[in-house]
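> Before anything else, here's the structure in question.
Read-outs throughout are calculated quantities, based only on the coordinates presented, and are distinct from any laboratory measurement. Quick caveat: nothing in here was measured; it's all calculated off a predicted structure. All Cβ positions, glycine included, derive from the backbone under ideal geometry; neighbour counts span all protein chains shown.
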Ligand SMILES: *Cc1c(COP(=O)(O)O)cnc(C)c1O
């Protein structure tokens, strides 16, 4: 069986389309780049401070410290809290490698916690079991890294309560959720520290690597600024702590400033796409659920399917790009297999790794193209169901 679209040369539908955004604001971005080339202040030029100020206004976070990547944002946040040997840092097993990597790099111990099937975010019950388990394993429970997977803020009300009870420092890894909201507040103020990424494919991406740390804590912000610049004190050659080279390029700041002007509009377009997916696909696959009061930045639109791999292959033949975020829980990755896992394991994360599929999602996805994607998903799922 083949649909008419399959028998013709199928149209190619990419997962994300960065060129579509360039068609809209490419000229303005090129001008912003040219301005940096003209003033030549490539390191910590004026655009860096302007971006930090604008992101502070956008999110409501008092301090924004831009940096070299989302990974370095996490690293710097942990360094600012002195996290290292003997410290247990709790995090979901269903996340991107960077979340765990930074803890291990500093000699700390990532402790993997299960996630919730409907929101993909950290499971508070699994977290509560992991804390006494870490203590029994002679670790010091120190911090939680909450990940806002695929764009939806984690359940910060519940997680914050647990964090306070156990005196845990809370980091929100908002690499995928920048622009999202919870109870009317923007992502950026939920953790004691929030980190984000400007990797090109993220909702708020630049033309290379970049990231930021956001915090309301002025003292922590000052430490972060020092860590970003090799641990400098008041004077550049007075080194008061161990730091890194963690700066964001002026060129990237200029690009991001231009993009911030249309970001809200893009978030609306992502929201509209998510709405169409939800309407068309809810009956045929498990579509994402939002917690009460949450609005997602829709970094990904991820559905859960029984016969994921077969469906994915059929979509590929129809020219539709999809992705599997993530094929393996962190706790089963070769390099991380020996780190502790919450009692009871991470069965939900394991199940999700076998059944999730991320569909094309970006603010410039045209309506007809999206209808084609939906139709092909529905056809593929029905065809596979018939075969089984
Ligand atoms: C992308 C991502 C990061 C890392 O960001 P980079 O800018 O690529 O270093 C960290 N955490 C999560 C959840 C991510 O999706």
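> So if each residue of separation counts as 0.36 nm, and I subtract the Cα-Cα distance between residue 334 and residue 20, what length gain in nm does that give? Write out the running numbers ahead of the final one.
Details: separation 314, 0.36 × 314 = 113.04 nm, distance 3.77 nm.
Computed gain between residue 334 and residue 20 is 109.3 nm.
> While we're on this one: How large, in Å, is the range 3-90 by the Kirkwood hydrodynamic radius built from its alpha-carbon pairs? Mind showing how you got there, number by number?
Details: mean 1/r = 0.0566 Å⁻¹.
After inverting the mean inverse Cα-Cα distance, the result is 17.7 Å.
> Could I get the Rg over Rh figure for the range 67-162? Both from C-alpha atoms, Rh via Kirkwood, rounded to two places.
0.95
> Classify the range 237-388 as rounded, prolate or oblate from the Cα gyration tensor: take a ≥ b ≥ c as the square roots of its eigenvalues, call it rounded if a/c is under 1.5, otherwise prolate when a/b beats b/c and oblate if not.
oblate
> Considering the zone a paramagnetic label at residue 37 would reach in this model (a point 7 Å from Cα along the Cα-to-Cβ line), which residues of the range 225-261 have amide N under 19 Å from it?
249-259
> Now for a separate question. Considering only C-alpha atoms, what is the centroid distance from the range 154-213 to the range 318-375, in Å?
A separation of 20 Å, based on Cα centres.
> To continue, here is another question. Taking only the alpha carbons of the chain, what extent do you get along each of the three principal axes, in Å, biggest first?
71, 59, 37
> Right, next: Given 10 °C and 1.306 mPa s, how large is the Stokes-Einstein diffusion coefficient of the range 127-226 in µm²/s, with Rh as the Kirkwood radius over Cα pairs?
The Stokes-Einstein estimate is 110 µm²/s.
> Sticking with this structure for a sec: Rounded to the nearest 0.05, what FRET efficiency do residue 185 and residue 317 give with R0 = 45 Å and r taken as the Cβ-Cβ distance? Could you check?
Calculated transfer efficiency: 0.55.
> Neighbouring Cβ atoms within 10 Å as the yardstick, rank 139, 352 fewest first.
By the 10 Å Cβ count, ascending: 139, 352.
> Next question, about the same structure. Hey, rough spin-label estimate for residue 240 and residue 56, points 7 angstrom out along Cα→Cβ, what's it come to in nanometres?
1.8
> With a ≥ b ≥ c the root eigenvalues of the C-alpha gyration tensor of the range 168-294, is it rounded (a/c under 1.5), prolate (a/b larger than b/c) or oblate?
In terms of gyration-tensor shape, prolate.
> Modelling each spin label as a point 7 Å along the Cα-to-Cβ direction, I'd like the residue 230/residue 262 distance in nm, to one decimal.
Inter-label distance under the simple model: 3.9 nm.
> A further question follows. Between residue 12 and residue 165, what is 0.36 nm times their sequence separation minus the Cα-Cα distance? Round to one decimal in nm.
50.0 nm
> In a Gaussian network model over the chain where Cα atoms closer than 10 Å are linked, find which of 69, 54, 177 has the largest mean-square fluctuation.
Comparing 69, 54, 177 in the GNM, the peak value goes to 54.
> What shape does the range 1-158 have by the C-alpha gyration tensor, where a ≥ b ≥ c are the square roots of the eigenvalues, rounded means a/c under 1.5, and otherwise prolate means a/b greater than b/c and oblate the rest?
oblate
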